[in-house]
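Handing you a structure now.
The values are calculated or read from the model by the stated rules, or taken from the named source; none is laboratory data. The shown structure was predicted, so the numbers you read here are calculated from the model rather than taken from an experiment. Cβ placement follows ideal geometry from the backbone for every residue including glycine, while neighbour counts extend to all protein chains displayed. The area values use the complete protein model at the heavy-atom level, side chains included, leaving out ligands, DNA and RNA. Shrake-Rupley method; radii C 1.70, N 1.55, O 1.52, S 1.80 Å.
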Amino acid sequence: MSNANLYELFSQHFPADADAVFLDGVDGRLLRYSDLPARTGQMVGLLHARGVAKGDRVVVQVEKSIDAVLLYLACLRAGAIYIPLNTAYTPAEVGYFLGDAAPRLFVCSPATRDALAPVAAAAGVAELLDLGADGSGGLVDALAAAPVSDATAGVAPDDLAAILYTSGTTGRSKGAMLSHANLASNARVLHDYWHWRRDDVLLHALPIFHVHGLFVALHCALLGGSRVIFMPRFDVATVLERLPGATVMMGVPTFYTRLLDQPALDRGLCADMRLFISGSAPLLADTHRDFEARTGHRILERYGMTEAGMITSNPYHGERVAGTVGFALPGVLARVADEHGRELPRGEAGVLEISGPNVFRGYWQMPEKTAEEFRADGWFITGDIARMDDDGRVTIVGRAKDLIISGGFNVYPKEIESQIDELPGVRESAVIGVPHPDFGEGVTAVVVPDRSAPISEQSVIDALRDRLARFKQPKRVFVVDELPRNTMGKVQKGVLRDTYKDTFA
Ligand code: MCA
Ligand code: AMP
């Protein structure tokens with residue numbers, strides 16, 4: 001039987017040219033495709049030496065770097081389950097993930113090692129290594145002493161390749177289990193659908209702890225055997241500098257609005273580009289139009305989620321319609337349904353449900369949560385409200401889930417509200433997203449005091465500093481006498497969103 005290991009699939013597409021570059025770090029460091037077997041083999045040897053066996057979890061919270069990509073590929077090769085964490089998570093948040101995932105190995109940054117070592121110890125993690133963006137830290141040091149392995153673990157299609165945590169509407173993060181077959185199917189489809197080419201040069205400015213930067217972007221490049229300009233983070237000046245010579249860029253809408261703020265963005269700068277892709281959050285139709293006017297490029301918007309990778313995409317050759325997310329990708333089935341899972345007539349808005357080889361294997365150790373999000377016929381309920389036209393083109397019109405997307409990062413209000421409600425002097429709170437010119441939505445808290453202790457906007461912000469990652473922290477806090485409620489007693493978040501809609505205008 002053939003090996004379903006995703007690394008095996010990638011390796012079949014490595015270019016024969018020994019000089020072909022995979023990652024071009026903007027600091028002058030390069031990683032060639034021909035180096036991948038030996039460099040990942042060395043890391044596999046290290047993983048084995050640290051007791052990481054097939055099926056073991058490896059949790060990683062490190063800055064973006066070439067070594068971090070090697071570690072991901074090595075985990076695939078070893079059959080270990082890779083679990084990347086947002087670098088913005090605080091030690092308190094990391095503690096939860098370590099406890100839940102029970103990894104054999106945790107890899108953190110040298111800068112956070114002192115703060116995280118006790119957290120890892122408390123969670124019973126056996127092995128801790130650190131890895132810096134500049135190649136510093138114990139992981140790279142230990143490589144020299146580790147035996148090199150040239151084996152790629154045999155895995156079955158449904159074996160897990162990764163777990164990615166998504167926050168939950170109940171406040172507890174859920175680990176979405178993704179198999180080698182889930183990732184392989186989506187990678188192949190996107191590679192074909194977006195007409196990926198060997199001579200493509202991908203401008204990569206996304207973080208690599210989420211589906212967008214890690215899977216969508218890197219997997220397309222790996223299947224293409226293409227070159228990646230691998231930026232440590234999105235920095236508008238460097239993007240402008242590196243656009244000439246690049247052919248593809250993927251970004252969240254904030255990338256595009258920040259680029260549009262730059263007078264230097266014009267057709268000439270984008271002369272080598274063949275494709276700009278946007279996703280992770282809604283792209284305003286105005287941004288789409290303004291970008292075309294300035295660059296001549298119609299951004300291709302696609303839609304996806306952690307649990308399923310990419311689900312729909314605007315077409316490569318056909319009409320890319322601003323404000324829509326295109327068609328279900330080949331092999332993916334999509335339907336718009338009512339609250340009972342009954343398909344609605346075309347044109348009506350309802351919950352988008354999907355089925356296909358990209359749909360995840362469930363939430364890590366949460367069978368009930370998993371069951372709640374699937375219909376009896378096996379379709380996954382995305383929680384997004386959509387409309388589908390007669391041709392099958394999908395428009396996302398809202399969310400059934402209480403979720404804020406800020407700069408492409410998801411923030412679940414429930415998680416923030418639980419933290420605020422614990423503060424002395426707080427009776428209750430409601431957290432909403434309101435229009436934000438840079439991040440799309442800005443996290444905003446509305447708090448009702450119980451007068452047992454004084455509270456203010458600043459005291460709430462200060463109290464949350466060490467508890468929540470920075471991107472989740474409310475950018476504004478309003479203290480009010482009461483929250484608007486409907487006749488059932490439920491907080492009317494729509495009314496609050498309307499009241500505070502101009503907060504960041
Ligand atoms: C940074 N800050 C943020 C965010 N990012 N606040 C809210 N939302 C954010 N997304 C904070 C910083 O901590 C800082 O706070 C202040 O805002 C300004 O930071 P700045 O330097 O301007 O931010 P940045 O470092 O330039 O980051 C902005 C960013 C970044 C480039 C938009 O957030 C980013 O790379 N987002 C991409 C997210 C992503 O990859 N999502 C894909 C998820 P202070 O000044 O107070 O310290 S995958 C997914 O959703 C599905 C599968 C899909 O469809 O793709
Ligand atoms: P995540 O849980 O981080 O994977 O985020 C997935 C969610 O991001 C989806 O369920 C949507 O709500 C949202 N999303 C992703 N792409 C788009 C898009 N192009 N337009 C609107 N929403 C999007």
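If you take the Cα Rg of the chain and divide it by 2.2 N^0.38 Å, with N the number of residues, what do you get?
Relative to the rule-of-thumb radius for its length, the chain sits at 0.97.
So how far, in whole Å, is the C-alpha centre of region 452-468 from the one of region 54-84?
36 Å
Next question, about the same structure. Find how many whole Å separate the alpha carbon centroid of region 364-399 from the alpha carbon centroid of region 165-212.
Between the Cα centre of region 165-212 and that of region 364-399, the gap is 18 Å.
List the relative contact order of the chain as a percent without decimals, with contacts defined as Cα pairs under 8 Å and 6+ residues apart.
Dividing the mean separation by the residue count of the chain yields 12 percent.
Report the antiparallel proportion of the DSSP beta bridges in the chain as a percent, rounded to a multiple of 5.
60 percent
Ignoring ligands, DNA and RNA, what percent of the accessible area of region 208-268 is carbon or sulfur (1.4 Å)?
C and S atoms contribute 53 percent here.
Under a 1.4 angstrom probe, counting protein chains only, how are Arg476, Arg302 ranked by accessible area, largest first?
Arg476, Arg302
Follow-up question, since we're still on this one. On a straight-distance basis, which lysines could pair with Lys174 in a cross-link, Cα separation under 28 angstrom, same-chain partners fewer than 8 positions away excluded?
Those lysines meeting the cut-off are Lys54, Lys64, Lys369, Lys401, Lys414, Lys472, Lys475, Lys490, Lys493.
To continue, here is another question. For region 1-95, report the % of Cα-Cα distances exceeding 18 Å.
The proportion of pairs with Cα distances above 18 Å equals 53 percent.
Could you compute how fast region 327-367 diffuses translationally, taking Rh as the Kirkwood radius over C-alpha pairs and applying Stokes-Einstein at 10 °C with viscosity 1.306 mPa s? Give it in µm² per second.
Reported coefficient: 135 µm²/s.
Report the label-to-label distance for Gln458 and Asp134 in nanometres (one decimal), using points 7 Å from each Cα along the Cα→Cβ vector.
So the label points at Gln458 and Asp134 sit 3.6 nm apart.
If you add up the charges near Asp130, with Lys and Arg at +1 and Asp and Glu at -1, over every other residue whose beta carbon is less than 14 angstrom from its beta carbon, what do you get?
Charge balance near Asp130 sits at -4.
By how many nm would the segment from Asn486 to Glu348 lengthen if fully extended, with 0.36 nm per residue of separation less the alpha-carbon distance?
Taking Asn486 through Glu348 to full extension adds about 47.1 nm, to one decimal.
Where does each of Lys369, Lys54 land when they are ordered by accessible area, with a 1.4 Å probe and the largest first?
Lys54, Lys369
Let me ask something additional. By average Cβ neighbour count within 10 Å, what is the ranking of 390-403, 76-89 from highest down?
Ranking, from highest mean packing down: 76-89, 390-403.
Separate question: I'd like to compare 334-347, 175-188, 272-285: which one has the highest average count of other Cβ atoms within 10 Å, and what's the full order after that?
175-188, 272-285, 334-347
OK, next. Can you give the translational diffusion coefficient of region 98-177 in µm²/s, computed by Stokes-Einstein from the Kirkwood radius over Cα pairs at 37 °C and 0.692 mPa s?
218 µm²/s
If you take every DSSP beta bridge whose two residues both sit in region 150-304, what share of them, in percent to the nearest 5, is antiparallel?
Close to 35 percent.
Between Asp290 and Asp338, what FRET efficiency follows from the Cβ-Cβ distance if R0 is 35 Å, with the result rounded to 0.05?
E(calc), rounded to 0.05, equals 0.45.
Which whole-number percent gives the relative contact order of region 247-391, counting Cα pairs below 8 Å spaced six or more residues apart?
Reported as a whole number, the value is 16 percent.
Can I ask one more? Could you look at region 71-199 and say what percent of its accessible area is carbon and sulfur, using a 1.4 Å probe and all protein chains?
54 percent
Can you say what percent of the DSSP beta bridges in region 90-211, counting only those with both residues inside, are antiparallel? Round to 5.
Of all bridge pairs located within region 90-211, approximately 60 percent are antiparallel.
Moving to a separate point now. Using a 7 Å offset from Cα along Cα-Cβ at Asp199, what residues in region 266-309 end up with backbone N under 14 Å from the label point?
Those under the cut-off are 272-274.
Using the basic label-point model (7 angstrom from Cα toward the beta carbon), what is the Gln365 to Arg427 distance in nanometres?
Here the modelled spin labels are 3.9 nm apart.
Where only protein heavy atoms count, and the probe is 1.4 Å, what is the accessible area per residue for region 157-281 in Å²?
Per-residue accessible area for region 157-281 comes out at 31 Å².
Once the principal axes of the Cα atoms of region 256-412 are found, what is the range along each, listed largest first in whole angstroms?
53, 35, 25
Could I ask something else about it? Provide the per residue accessible area, probe 1.4 Å, for region 394-493, rounded to a whole number of square angstrom.
Result: 46 Å² per residue.
Would any residue of region 248-277 have its amide N under 13 Å from a label point 7 Å out along Cα→Cβ of Tyr316? List them or say none.
Hits in region 248-277 for Tyr316 at 13 Å: 248, 274-276.
With bins 10 Å wide starting at 0, give me the P(r) of region 130-274 over every alpha carbon pair, in whole percents.
10, 28, 34, 22, 6, 0
Taking 51 Å as R0, compute the FRET efficiency from the Cβ-Cβ separation of Lys54 and Asp272 and round it to 0.05.
My answer for the efficiency is 0.75.
Using only the Cα atoms of region 357-484, build the gyration tensor, take square roots of its eigenvalues as a ≥ b ≥ c, and label the shape rounded, prolate or oblate: rounded if a/c is under 1.5, else prolate if a/b is larger than b/c, else oblate.
prolate
Determine ³J(HN,Hα), in whole Hz, for all residues of region 32-44 in sequence, where each value follows from phi through the Karplus function 6.51 cos²θ - 1.76 cosθ + 1.60 and θ = phi - 60°; x replaces Gly and Pro.
Values per residue, Gly and Pro as x: 8, 4, 5, 7, 4, x, 6, 5, 6, x, 5, 5, 4 Hz.
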